[in-house]
Every structure is written in C-alpha cells, then in structure tokens.
Amino acid sequence: MKKMHNYYETNIRAMEVDVFVLDFSYDVEERSPEIYIWGISREGERVVILEKEFRPYFYALLETDTDPETLATEIKGLSKPQSPITDVKLLEKKYYGEPVKTLRIQTIIPAYVRIYRDQVAKLKGIREVLEADIRFYMRYSIDSGVKPFHWLKAEVEEDELGGLRVKKCYKLKKILKIYEANPPIMRTMAFDIEVYNKYGFPDPKRDPIIVIGVWTAEGPRQFINLRGDDIEVIRDFVKFVVDYDPDIILGYNSNGFDWQYLTERASSRNLKVDVGRKVGSEPSQGTYGHFSIMGRLNVDLLGFAEGVEEVKVKSLDNIADYLGVVPKASRVNLEWYQIPEYWADPKKRDTVLKYNLDDARSTYLLKDVFLPFGEQLTIISGLPLDQLPMASVGYRVEWLLMREAYKFNELIPNRLERPHESYKGGLVIEPKPGIHENVVVLDFTSMYPSIMVKYNIGPDTLVRGECRDCWTAPEVGYKFRKSPDGFYRRILKVLLEERKAIKEKLKDVTDEYERRRLEERQKALKVMANAFYGYMGWLNARWYSKEGAEAVTAWGRETIRKAIEMASGMGFEIIYGDTDSIFVKGDLSKVGRLVEEITSRLDLEIKVDKKYKRIFFTENKKRYAGLTEENKIDIVGFEAIRGDWCELAKEAQRMVIETTLLKGVDEAVKKAKEIIMRIRRREFNLQELVIWKSLEKSLEEYEVDAPHVIAAKKAMSSGYVIMKGGKIGYVVVKGVGKVSDRVEPYFMVKDKNRIDVDYYVDKQIVPAVLRILEPFGIKESNLKGGGMDILSYFRDR
DNA sequence: AACTGTGGCGCAAAAG
DNA sequence: CTTTTGCGCCACAGTT
C-alpha cells in the first residue's frame with residue numbers, strides 16, 4: 001500500500017524544469033552534504049535545485065608493484081563512523097597523458113576528505129594523493145557539467161521550501177541537458193556605505209554607519225542614520241535586500257570594505273546581516289577575501305576595474321569618469337577626510353548624502369561596462385561571476401583546465417610549492433634613435449598561444465631523451481612529441497577556433513545585443529588564450545612547466561629573428577621590435593608581400609597592426625611615441641603614461657612629445673621653458689603634484705626608507721590605514737635632507753607654499769622633458785636658463 | 001666633518 | 001611570465 005502511494009506521488013510530482021544557473025553552494029544537513037544549485041527558471045522564478053546524492057572523493061595513485069586489492073582493504077580500514085569511507089574503486093586514469101592505476105576513495109562529509117587524504121598518503125604503495133584539495137561544490141560542477149551562466153534542463157521533484165527565500169525548491173532527479181542560451185533578466189542592485197571616520201580609519205566597534213545608498217533599475221534608495229544609532233539603518237537595509245531579492249549585488253571594493261564593515265558592525269550590535277536566499281545565512285568570507293552570499297552573486301567591480309590600465313588610481317570616481325559612465329563634473333566630489341566635517345554640519349550634510357548616492361549610481365552604471373565581459377569569462381572558465389573579479393588570471397585558466405581534464409579522464413595535479421627559477425623571455429631589438437617617417441608595425445597574432453599549438457608544447461608532451469618524431473626548441477633543445485595532441489594544444493585549439501568562428505560570424509550579425517555578446521565573447525576568448533603561456537610559467541600552476549614556458553619564448557625569439565631577416569632581405573629597415581612585433585621602414589607597397597611571405601614561410605600569422613606617419617625613439621627599449629595614420633598620438637612606456645609621476649610632469653612630457661611630432665624640437669623647447677617658469681611662479685594645483693605609488697608589501701617588510709614608504713607611515717600615524725596593495729599619494733615639501741625626509745601624504749599638506757618647487761622642476765619636469773629632448777641635443781641649461789623672473793627668485797629664498 | 005661621485009640594490013611600473 | 005627602465009637609498013671612497 002505504502003509503495004503504491006509513493007509511486008503515485010512520484011509520477012505526479014516528477015517534472016522537467018529549465019533553470020539558468022547563477023551559483024553553487026553546499027551545506028551539511030543531518031551529516032550528509034547537499035549541493036544547492038541557485039538559479040532562475042525559464043518562467044523567471046527564483047529557484048533552487050538540491051542535489052543530495054553527490055559525494056566527495058579523492059584519488060590515490062598507486063606504485064606499479066602494488067596490489068590494489070590489498071591497499072583497498074587497508075584504506076577501507078581507515079573508515080571513521082562520523083563519515084565512513086563508502087567506496088574504494090580501482091580506476092584507469094591518465095596522469096600527464098600516461099595511463100595510471102588509481103583508487104577512487106569516497107566518503108560522505110567533504111571536510112573528511114582532508115583527514116583521509118593525510119592518512120592514505122602515508123600508506124605504503126601510494127605514489128601520490130590527488131584531487132583532495134578541490135572544493136566540494138567545484139567538484140560537483142566539474143563532474144556534473146553544470147556550469148554557471150548555462151541553462152540546465154533537468155528532471156526534478158518538488159521539495160519543501162523550508163527556510164529558502166526562493167519561489168520553488170526542487171530535488172534533482174536527472175540532468176537532461178546543459179546548454180547555452182540567452183540569459184534571463186537578472187535583478188541587479190548596487191550599494192555603498194558611508195562610515196563616520198572622524199578618528200581616522202573607521203573602527204566597526206566604535207564608528208557607526210552614517211548612510212547606506214542603494215541603486216537599482218527602479219532608481220535610488222537610501223538608509224540614513226539620523227539619530228546617531230545605526231541599528232535601524234542596518235535592519236532596514238537587510239529588509240530591503242530581502243524584499244527586493246536581487247540576483248546580483250554590486251559594490252566597489254565591497255569585499256575589501258563594505259561587507260567587512262557591515263558584518264562586523266552588525267555583530268557588535270547583535271544584528272545579523274541576513275541577506276542571503278537561505279534564511280539565517282550571513283555573508284561569509286571565503287577564499288582571497290571574497291564574501292559569498294547564498295543564492296546571490298556578490299560582485300565587487302573593483303576586481304574588473306583593476307584591468308583598466310589607463311587609470312592609475314582605481315577609485316570609483318576615477319574609473320566611472322574615465323569610462324564615461326559618471327563624469328566627475330556631474331557628481332559630488334568629496335575626499336574621505338572631508339566626510340566627518342560635512343556630516344557634522346547640518347548645512348553640508350546633504351552633500352554627504354548626495355556623494356553616497358553618486359557612488360551607488362556609479363557602481364550600478366558600471367555594470368553595463370563590466371558585466372557583459374564578466375559573463376563571457378564565466379561561461380568560458382566556469383568560474384562563478386562573484387569569484388571572477390577576485391581570482392587572478394592563473395586561477396581563471398586553471399578552472400578551465402580542471403574542467404577539461406575531467407572530460408579527458410586526466411588526473412588533476414596537486415598544487416606544489418616551488419622555488420623560484422627564472423628563464424629567458426622575449427627578444428627586444430635595440431631601437432634606432434631619432435625621428436622616422438612612415439613606419440609600419442607588424443604583429444604576430446597571439447604569438448605565444450599559436451606557438452604552443454604549433455609545437456604541441458606542455459608538460460605531458462615533453463620528451464626527455466631520445467625522440468623519433470619530435471619538435472626541438474631552438475637554444476634550449478627541449479623536445480615535444482608531434483602527436484597525439486597534448487593537453488594544452490587540445491584546449492587552445494578549441495579556444496582559438498571558436499574565436500575565429502565568432503569573428504567570422506560577427507561580419508553578418510546586425511542585432512545590437514547579439515553583436516555585443518559576440519564581441520565580449522571574442523575578447524574573453526583572446527584573454528584566456530593569451531593567459532596560457534603565463535599560466536604555464538606560473539610557479540603556483542598545477543600544470544606548471546618550466547621547460548614548456550622556456551621553449552615558447554625560445555621559439556618566439558627564433559620567429560622574430562627570422563621575420564627580421566626576411567624583412568631586411570626585402571629591403572626594409574628594422575627600426576625596432578619587441579617579443580612579437582617588428583617596426584619596419586621602406587617601400588610600403590611591398591608590405592603586403594612581406595606579410596604573406598612571413599605568414600606562409602613561418603606558418604604563423606602576422607599582420608599590419610599600425611602605421612605611423614612619424615615616430616621617434618630614444619636610445620631606450622620599450623619607449624617610443626608616434627603619430628598614427630589617424631592623427632592620434634601614441635605614447636608607449638614614457639613617464640607621461642606612468643602612474644608614479646606627478647600629473648604636471650606627465651602633462652609637460654605629453655606636450656613636448658606632441659609638439660616634437662607635429663611642429664618640431666625648437667617649438668617643443670619653448671613650451672617646456674614656459675611650463676618650468678609657470679611652476680616657479682607657483683601656478684599649479686596641489687593635486688597636480690601628487691606622486692602615487694602602490695605598496696607592494698606591508699610596511700614592516702620594506703628594507704629601505706623609500707619616499708613612498710615614509711609617506712605611508714606618516715599617513716598611518718595620522719589614522720589612515722594603508723594595506724598591502726593599496727596606493728599612497730604624496731608630495732615633496734621644502735626642508736633639508738633626503739627626499740624621504742621631506743615627503744608628506746597629499747591630504748596632510750594644505751599650504752601650496754610648503755611645496756619644494758626645486759624638487760618638482762629638477763626631479764620631475766626636467767627629467768621627463770629631457771627624456772624626449774635630450775636625443776635632439778637639448779641640455780638641462782637650455783630649459784632652465786634665461787627664464788627666471790625676479791619675483792619668484794625672491795619668493796623662493 | 002661635510003660634501004661629491006659611484007655603484008649596488010630595492011622598489012615600482014611599464015611592454016609584450 | 002621575462003625584459004627593461006629609472007628613481008632613490010645606502011655604503012663607500014675620495015676630496016675639500
């Protein structure tokens with residue numbers, strides 16, 4: 001009777017659903033793990049699919065002379081009642097392409113994998129223990145093929161909702177299909193918090209939140225601390241998030257500040273930041289400082305902004321301004337140290353509120369710039385969108401590789417501690433100094449990935465000793481077997497071919513939405529493919545191969561040498577070259593033939609990247625400036641585009657470069673003299689003199705008292721916190737002694753007259769300008785002489 | 001004792 | 001990932 005009933009029920013409830021996968025998480029319920037697949041159904045409902053059957057496991061790689069049966073029994077003997085070893089199975093797998101015998105050891109609770117791993121590793125007859133360090137939800141995603149931002153068609157049964165803030169909860173019965181299609185509309189919310197910071201860097205135990213600003217498709221919302229107590233602010237904000245129910249929560253440095261502060265502040269006030277889709281779950285800090293929110297994607301856009309190299313100080317206002325999302329002129333601009341003063345003054349308080357909303361709005365609007373690319377990177381790498389911005393390039397590549405390894409029945413190597421070992425890199429050609437007319441830049445397309453594919457490079461294709469059918473790398477002599485395809489080649493081929501196909505398809509697509517999607521996919525594929533070489537030479541990489549990385553650069557050097565040889569053979573003059581490019585001058589009508597010749601003879605694609613009407617080089621490599629065919633001025637490598645020179649020096653150099661290219665050296669000298677005189681007359685803003693540097697280490701680690709380190713220490717002692725990786729802006733003031741003794745954080749200097757003008761002229765403007773003009777015979781005295789006016793002479797003494 | 005020149009080294013940031 | 005550049009500190013040697 002009971003059985004009949006169940007059968008009947010199952011038939012009624014079993015159904016098919018289509019769900020767009022947002023994220024994964026897992027929980028251990030009643031001593032067994034459950035995987036949550038959070039998503040949006042075809043009908044637009046927020047749903048979760050539970051997978052209760054999947055179990056954690058790892059592999060033990062056997063020595064050749066071991067008997068699997070005996071070892072399996074021995075391993076089973078390690079079983080603990082809290083999480084028994086449920087299965088030990090002998091499997092044929094591949095390790096670096098070689099067939100191997102492994103035991104697959106399965107348990108119940110994910111945390112026990114580590115415990116069993118350590119015990120199994122000590123047993124006799126075990127060569128290595130593998131795949132024990134893969135996160136459980138990741139393990140599931142790899143094995144099941146369920147990937148974020150893909151659709152999942154599945155047979156499910158409806159389940160109890162029990163404390164989940166979704167429309168439906170299903171139990172997974174069977175995966176029917178995983179496919180890519182247009183994503184549903186995702187509800188997106190941006191937020192930003194402002195904190196009382198009168199006593200320097202805010203402390204969550206002491207300083208209240210003064211306002212939380214929110215921006216959504218429906219516009220702004222604000223939670224303001226009116227009574228000096230922020231309990232209600234936090235409570236209202238949490239309620240708002242739960243009610244609005246966003247799929248994506250955007251912030252700017254929200255992993256580094258907002259979530260940290262909010263959770264600490266809340267816990268010190270006995271509140272819970274219960275904003276997840278599971279009741280009672282708080283944002284939890286996972287790997288690399290990222291905060292996970294159950295069922296939602298917590299995306300910190302700062303991670304994407306790091307990729308915008310043109311902007312040196314990656315503050316929200318700078319990034320939003322540069323990308324044209326919110327121009328600085330159209331928003332409230334406040335420095336962090338002005339907040340307490342403005343907040344305390346009833347007449348100025350409104351400015352703080354506007355400032356907060358401008359930040360929330362900027363964050364919200366930045367989504368259109370960053371998310372389409374992020375979506376594509378998620379689809380390709382399989383790394384959930386919320387982890388993507390924090391993950392380094394290496395980890396993005398590795399996620400893709402791990403998924404592919406599973407498909408190929410390859411074991412995933414362990415992460416190893418390796419000592420640093422350097423190897424030779426790309427070839428840089430000595431530039432021909434001076435001004436050149438009509439120079440063409442030829443670029444090998446995706447040189448390193450193409451070389452990896454062409455010569456089948458990788459740790460699994462490397463042959464030590466004799467080899468009949470191998471490619472041999474020049475200079476270093478490493479050999480790689482020609483067939484079958486190695487791990488890297490197989491994956492790279494797919495990426496490069498897909499990119500080619502997309503570029504082809506783009507020629508016919510007119511739909512704007514589809515064009516954008518393909519454009520971003522194409523970019524993401526390029527970024528991923530180009531990251532493979534760097535990944536292979538990354539000490540932390542699971543598929544590290546020094547020999548591989550060394551061979552890639554060696555073939556690269558050979559390729560560029562051959563290209564140069566062919567170009568000069570055709571009568572071209574080589575002006576410069578770096579790694580995968582050559583700058584040539586000569587009969588431009590023959591460039592097309594040169595391109596064809598190189599491409600066919602070297603079997604690597606080269607193309608015209610740029611044409612310069614006029615270009616100049618100094619004696620230095622990696623530095624030049626040119627006027628393109630489109631009358632744009634390109635500046636490469638010089639101070640003008642570096643983040644660690646003051647704006648004034650950069651502007652002066654930019655001016656000199658432009659004038660030199662367009663009007664000639666004499667005119668440029670005149671301009672430079674004018675600028676120097678202006679500074680001597682103190683006609684500048686303090687902002688233009690700030691020198692920004694990042695702190696690559698924590699302050700104690702520095703061995704020398706470099707100026708930026710001293711400036712950071714001064715900032716620290718006045719209450720400002722600068723962490724490792726942060727940026728410090730400083731100016732040089734008058735006084736005696738080393739530069740280090742005369743630096744001060746820019747926000748601590750209010751009086752323009754304290755500035756050491758001589759430093760800025762002699763160590764910033766003159767060197768920057770001379771870098772361009774010196775090759776033309778201009779000396780320091782030509783710039784400084786004859787321009788000193790009496791007035792400033794007296795004022796400076 | 002105070003200054004100047006030099007070369008090594010630490011450090012950051014660019015190109016590819 | 002390597003290559004390249006350049007500033008400033010630091011120690012040292014030689015000079016005034």
Practice prompt. Among the numbered conditions (1) modelled with pLDDT of 85 or more; (2) aliphatic (A, V, I, L, M); (3) more than 16 Å from DNA strand C (Cβ to nearest atom), tell me where A:Val721 comes up short.
Written response: (1)
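This table checks each residue for (1) out of contact with any helix residue (DSSP H, G or I) (no Cβ under 8 Å at 6 or more places or on another chain); (2) at negative phi; (3) part of a helix (DSSP H, G or I); (4) not β-branched (Val, Ile, Thr).
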{"position": "A:Val656", "(1), (2), (3), (4)": "no, yes, yes, no"}
{"position": "A:Glu674", "(1), (2), (3), (4)": "yes, yes, yes, yes"}
{"position": "A:Arg678", "(1), (2), (3), (4)": "yes, yes, yes, yes"}
{"position": "A:Glu696", "(1), (2), (3), (4)": "yes, yes, no, yes"}
{"position": "A:Val704", "(1), (2), (3), (4)": "yes, yes, no, no"}
{"position": "A:Ala715", "(1), (2), (3), (4)": "no, yes, yes, yes"}
{"position": "A:Gly725", "(1), (2), (3), (4)": "yes, no, no, yes"}
{"position": "A:Val732", "(1), (2), (3), (4)": "no, yes, no, no"}
{"position": "A:Gly735", "(1), (2), (3), (4)": "no, no, no, yes"}
Worksheet item: List, please: which pairs have Cβ atoms under 9 Å, are six or more places apart or on different chains, and start with a residue in the stretch A:565-580 that is within 21 Å of A:Lys622 (Cα to Cα) and end with one that is of a type in the set (Ser, Thr, Tyr) and away from DNA strand B (no atom under 14 Å from the Cβ)?
Response: A:Ile574/A:Ser568
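Give the residues of the stretch A:367-414 that are outside any loop (DSSP other than H, G, I, E, B), under 16 Å from the mean Cα position of the chain (by Cα) and more than 20 Å from A:Tyr533 (Cβ to Cβ), sorted by residue number. Steps first, answer last, please.
Within the stretch A:367-414, the subset outside any loop (DSSP other than H, G, I, E, B) is A:367-381, A:393-407, A:410.
If we keep only those that are under 16 Å from the mean Cα position of the chain (by Cα) as well, we get A:367, A:369-381, A:393-400.
Answer for the stretch A:367-414, where residues must be outside any loop (DSSP other than H, G, I, E, B), under 16 Å from the mean Cα position of the chain (by Cα) and more than 20 Å from A:Tyr533 (Cβ to Cβ): A:Lys367, A:Val369, A:Phe370, A:Leu371, A:Pro372, A:Phe373, A:Gly374, A:Glu375, A:Gln376, A:Thr378, A:Ile379.
Just to be sure I understand, how many residues within the stretch A:364-387 are out of contact with any Asp or Glu (no Cβ under 6 Å at 6 or more places or on another chain) and open to solvent by 30 Å² or more (accessible area, probe 1.4 Å)?
Here is the first cut: in the stretch A:364-387, the residues out of contact with any Asp or Glu (no Cβ under 6 Å at 6 or more places or on another chain) are A:364-371, A:374-375, A:377-383, A:385-387.
Now restrict to residues that are open to solvent by 30 Å² or more (accessible area, probe 1.4 Å): A:365, A:367-369, A:375, A:387.
Qualifying residue count, the stretch A:364-387: 6.
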Discussion item. For the stretch A:20-64: of the residues being among the small types (Gly, Ala, Ser) and under 20 Å from A:Leu383 (Cβ atoms), which is most open to solvent (accessible area, probe 1.4 Å)?
Written reply: A:Ser25
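Within the stretch A:539-645, considering only strands (runs of 3 or more DSSP E) that don't extend past its boundaries, which have at least 2 residues that are more than 15 Å from DNA strand B (Cβ to nearest atom)?
Working: elements: A:573-578, A:581-585, A:606-617, A:624-628, A:633-636.
Answer list for the stretch A:539-645: A:606-617.
Return the residue satisfying two criteria in turn: it lies in the stretch A:616-639 and is within 12 Å of DNA strand C (Cβ to nearest atom) and within 27 Å of the chain's Cα centre (by Cα), and of such residues it is most open to solvent (accessible area, probe 1.4 Å).
Going through the qualifying residues, I end up with A:Lys622.
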Worksheet entry | Search result, residues across the stretch A:316-363 that are assigned to a loop (DSSP other than H, G, I, E, B) and crowded, with 16+ Cβ neighbours inside 10 Å | A:Leu323, A:Val325, A:Val326, A:Arg331, A:Val332, A:Leu334
Fill in: Odd one out for A:Asp508 among (1) farther than 20 Å from A:Gln376 by Cα; (2) open to solvent by 40 Å² or more (accessible area, probe 1.4 Å); (3) under 25 Å from the mean Cα position of the chain (by Cα)
(3)
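Table: residues versus (1) touching a Cys at 6+ places or on another chain (Cβ under 8 Å); (2) open to solvent by 60 Å² or more (accessible area, probe 1.4 Å); (3) of a type in the set (A, V, I, L, M, F, W, C).
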site: A:Pro148; (1), (2), (3): no, no, no
site: A:Leu152; (1), (2), (3): no, no, yes
site: A:Glu158; (1), (2), (3): yes, yes, no
site: A:Leu161; (1), (2), (3): yes, yes, yes
site: A:Val166; (1), (2), (3): no, no, yes
site: A:Lys173; (1), (2), (3): no, yes, no
site: A:Tyr179; (1), (2), (3): no, no, no
site: A:Pro184; (1), (2), (3): no, no, no
site: A:Met189; (1), (2), (3): no, no, yes
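Taking the residues in the stretch A:412-436 that are farther than 27 Å from A:Ser581 by Cβ and in contact with a helix residue (DSSP H, G or I) (Cβ under 7 Å, 6 or more places away or on another chain) as candidates, determine which candidate is farthest from DNA strand C (Cβ to nearest atom). Even if it seems obvious, please write down each step before you answer.
We begin by selecting, within the stretch A:412-436, every residue farther than 27 Å from A:Ser581 by Cβ; these are A:412-421.
Filter once more, so that each one left must be in contact with a helix residue (DSSP H, G or I) (Cβ under 7 Å, 6 or more places away or on another chain): A:412, A:421.
Details: A:Ile412: 20, A:Glu421: 7 Å.
In this case the residue turns out to be A:Ile412.
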Fill in: Single residue of A:Glu683, A:Glu658 found to be away from DNA strand B (no atom under 16 Å from the Cβ), surrounded by fewer than 15 Cβ atoms within 10 Å (Cβ to Cβ), assigned by TED's automatic domain parsing to the domain that holds A:Lys724 and free of Cβ contacts under 8 Å to residues at least 40 places away in the same chain
A:Glu683
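From the list A:Glu651, A:Glu597, A:Glu619, pick out the single residue that is modelled with pLDDT under 90 and either charged (D, E, K, R) or on the phi > 0 side of the Ramachandran plot (or both). First the steps, then the outcome.
Details: A:Glu651 fails: modelled with pLDDT under 90; A:Glu597 fails: modelled with pLDDT under 90.
One residue alone meets the criteria, A:Glu619.
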Practice prompt. Determine the pairs where a residue that is among the aromatic types (Phe, Trp, Tyr), located within the stretch A:12-32, has a partner that is assigned to a helix (DSSP H, G or I) and open to solvent by less than 20 Å² (accessible area, probe 1.4 Å) with Cβ atoms under 9 Å apart, the partner being 6 or more residues away or on another chain.
Written response: A:Phe24/A:Met138; A:Phe24/A:Tyr140; A:Phe24/A:Ser141; A:Tyr26/A:Phe136; A:Tyr26/A:Tyr140
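With within 16 Å of DNA strand B (Cβ to nearest atom) and either among the hydroxyl-bearing types (Ser, Thr, Tyr) or over 28 Å from A:Arg561 (Cα atoms) (or both) as the only criterion, which of A:Tyr478, A:Tyr533, A:Tyr513 stands out?
Values: A:Tyr478 fails: within 16 Å of DNA strand B (Cβ to nearest atom); A:Tyr513 fails: within 16 Å of DNA strand B (Cβ to nearest atom).
Answer to the selection: A:Tyr533.
Do the conditions hold for A:Thr107, that is, is it polar (S, T, N, Q) and open to solvent by less than 50 Å² (accessible area, probe 1.4 Å)?
yes
I'm trying to understand the selection: among the residues of the stretch A:288-298, which are in a helix (DSSP H, G or I) and open to solvent by less than 50 Å² (accessible area, probe 1.4 Å)?
Here is the first cut: in the stretch A:288-298, the residues in a helix (DSSP H, G or I) are A:288-289.
Once the filter is applied, which keeps residues that are in a helix (DSSP H, G or I) and open to solvent by less than 50 Å² (accessible area, probe 1.4 Å), the stretch A:288-298 yields only A:Gly289.
Would you say A:Ala672 is in contact with an Asp or Glu (Cβ under 9 Å, 6 or more places away or on another chain), more than 25 Å from A:Glu630 (Cβ to Cβ) and assigned by TED's automatic domain parsing to the domain that holds A:Leu770? Let's see the steps before the verdict.
Numbers: in contact with an Asp or Glu (Cβ under 9 Å, 6 or more places away or on another chain): no; more than 25 Å from A:Glu630 (Cβ to Cβ): yes; assigned by TED's automatic domain parsing to the domain that holds A:Leu770: yes.
Judged against the criteria, A:Ala672 is not a match.
Quick check, is A:Ile175 of a type outside the set (D, E, K, R) and in the same structural domain as A:Ile35 (by TED's automatic domain parsing)?
Details: of a type outside the set (D, E, K, R): yes; in the same structural domain as A:Ile35 (by TED's automatic domain parsing): yes.
So A:Ile175 fits the description; yes.
For the stretch A:697-719, what are the residues that are loosely packed, with under 11 Cβ neighbours inside 10 Å and near DNA strand B (Cβ under 10 Å from one of its atoms)?
Passing the criteria: A:Glu701, A:Glu703, A:Val704.
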Practice prompt. Name the residue, out of A:Lys493, A:Lys482, that is in contact with a Cys (Cβ under 8 Å, 6 or more places away or on another chain), open to solvent by 50 Å² or more (accessible area, probe 1.4 Å) and either touching a residue at least 60 places away in the same chain (Cβ under 8 Å) or within 20 Å of A:Tyr455 (Cα to Cα) (or both).
Written response: A:Lys482
Practice prompt. Only residues in the stretch A:730-743 that are within 15 Å of DNA strand B (Cβ to nearest atom) count as the first member; pair them with residues that are open to solvent by 60 Å² or more (accessible area, probe 1.4 Å), Cβ under 6 angstrom, at least 6 apart or cross-chain, and list the lot.
Written response: A:Ser740/A:Asp705
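Step by step: first the residues of the stretch A:686-696, then only those that are surrounded by 14 or more Cβ atoms within 10 Å (Cβ to Cβ) and within 12 Å of DNA strand C (Cβ to nearest atom), then the one that is farthest from the chain's Cα centre (by Cα). Which residue is that? Explain how you work it out, then say what you get.
Going residue by residue through the stretch A:686-696, those that are surrounded by 14 or more Cβ atoms within 10 Å (Cβ to Cβ) are A:686, A:688-695.
Filter once more, so that each one left must be within 12 Å of DNA strand C (Cβ to nearest atom): A:691, A:693.
Working: A:Ile691: 25, A:Lys693: 20 Å.
Per the stated criteria, the residue is A:Ile691.
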Worksheet, complete the sentence: Scanning the stretch A:117-143 for residues that are surrounded by fewer than 19 Cβ atoms within 10 Å (Cβ to Cβ) and among the small types (Gly, Ala, Ser), the one nearest to A:Pro33 (Cα to Cα) turns out to be A:Ala121
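The values are calculated or read from the model by the stated rules, or taken from the named source; none is laboratory data. Remember, it's a predicted structure, so these values are computed and weren't measured experimentally. Backbone-built Cβ (ideal geometry, glycine too); neighbour counts: all protein chains shown. These accessible areas exclude ligands, DNA and RNA; they are computed on the full protein's heavy atoms, side chains included. Shrake-Rupley method; radii C 1.70, N 1.55, O 1.52, S 1.80 Å.
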